[in-house]
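The values are calculated or read from the model by the stated rules, or taken from the named source; none is laboratory data. Note that the structure is a prediction, hence the values are computed from the model and not measured. Because the Cβ atoms are built from the backbone with ideal geometry, glycine has one as well, and the counts that use them run over all protein chains shown. Keep in mind that these areas ignore ligands, DNA and RNA; they rest on the heavy atoms of the full protein, side chains included. Shrake-Rupley method; radii C 1.70, N 1.55, O 1.52, S 1.80 Å.
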Amino acid sequence: MKNANRVSLYGMVILLCVILFAVSGCGGNSPAPAKSNATGKPQYGGTLKVVVGTVSSLDPQMEAADEPMSRHIFETPLSLDENGGVQTGLCTYKYSDDALTLSLILRDGVKFHNGSPVKAEDVAASISRWANNVSFGKSYVGKYMDSISAADDKTVVIKFKSVASLALTSLAYEYMGAYVMPKAVCEEYASSPVINTAKIIGTGPYKLSEWKQ
């Protein structure tokens, strides 16, 4: 009985090997992968088609899509490098010695897509809207924030009630981040998503041309 079971087991092993060999042999007839046409040089013009999930709004602060397209239209005050370190975005930053005052200083020459210059009041209004409406902004900045104001055209001053240890990272975060838009848009849509595509005005690498739904 043991010998019979052993022979049966050997037979199954041999049969499995034959099947695997046949399958791997069939793979030899598969078409070769398409060759890349990438040259390593930038290409200008043409049309780039991208498939994304359902998008209900292009509001960068309030659109909760997995891959919001608006992140390419807008920019955050700060940014993160590949290691998660905080870097300059639209602004540089400086903390007071007690870490209760954060100054954000705008880079020179930054303009919105409509040609108007970005001012500190735009940055302050955008951060305030985000900190008041977006759960992420409320949790890591809003609940610690005592005040936010534009000291001049280039400087935003945020005063904290207590140390906000994740404030810098939060102001650099991309998903539903503190994206900067004109102050007038922030005031018009103080607590609701921006639904007028004419008001989708950012500073990012891409400018909205049209949105076909």
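Checking the conditions here, which among Ser139, Ser209, Ser126 is small (Gly, Ala, Ser), under 22 Å from the mean Cα position of the chain (by Cα) and crowded, with 16+ Cβ neighbours inside 10 Å?
Ser126
Could you please tell me which pairs satisfy a Cβ distance under 6 Å, a separation of 6+ or placement on different chains, a first residue in the range 107-130 that is over 21 Å from Ser170 (Cα atoms), and a second residue that is at pLDDT below 95 and assigned to a loop (DSSP other than H, G, I, E, B)?
Here the result reads His113/Lys207, each pair linking the range 107-130 to a residue that is at pLDDT below 95 and assigned to a loop (DSSP other than H, G, I, E, B).
Just for the range 149-174: of the residues that are part of a loop (DSSP other than H, G, I, E, B) and in contact with a Phe, Trp or Tyr (Cβ under 8 Å, 6 or more places away or on another chain), which one is most open to solvent (accessible area, probe 1.4 Å)?
Per the criteria, the residue is Lys161.
Residue by residue through the range 105-118, note down the ones that are under 11 Å from Cys91 (Cα atoms) and over 21 Å from the mean Cα position of the chain (by Cα).
Those that are under 11 Å from Cys91 (Cα atoms) and over 21 Å from the mean Cα position of the chain (by Cα): Ile105, Asp108.
Looking at this structure, is Ser103 small (Gly, Ala, Ser) and open to solvent by less than 40 Å² (accessible area, probe 1.4 Å)?
Working: small (Gly, Ala, Ser): yes; open to solvent by less than 40 Å² (accessible area, probe 1.4 Å): yes.
For Ser103, the condition - small (Gly, Ala, Ser) and open to solvent by less than 40 Å² (accessible area, probe 1.4 Å) - is met.
Quick check, is Asp146 farther than 22 Å from Asp59 by Cβ, out of contact with any strand residue (DSSP E or B) (no Cβ under 6 Å at 6 or more places or on another chain) and surrounded by fewer than 21 Cβ atoms within 10 Å (Cβ to Cβ)?
On the way: farther than 22 Å from Asp59 by Cβ: yes; out of contact with any strand residue (DSSP E or B) (no Cβ under 6 Å at 6 or more places or on another chain): no; surrounded by fewer than 21 Cβ atoms within 10 Å (Cβ to Cβ): yes.
Answer is no for this residue.
Out of everything in the range 175-191 that is in contact (Cβ under 8 Å) with a residue 40 or more places away in the chain and in a helix (DSSP H, G or I), what residue ends up being surrounded by the fewest Cβ atoms within 10 Å (Cβ to Cβ)?
Residue satisfying both the conditions and the ranking: Glu187.
Please tell me if Gly202 is at pLDDT below 95, in contact with a Leu (Cβ under 9 Å, 6 or more places away or on another chain), assigned to a loop (DSSP other than H, G, I, E, B) and closer than 19 Å to Ile105 by Cα.
Numbers: at pLDDT below 95: no; in contact with a Leu (Cβ under 9 Å, 6 or more places away or on another chain): yes; assigned to a loop (DSSP other than H, G, I, E, B): yes; closer than 19 Å to Ile105 by Cα: yes.
When the stated conditions are applied, Gly202 does not pass them.
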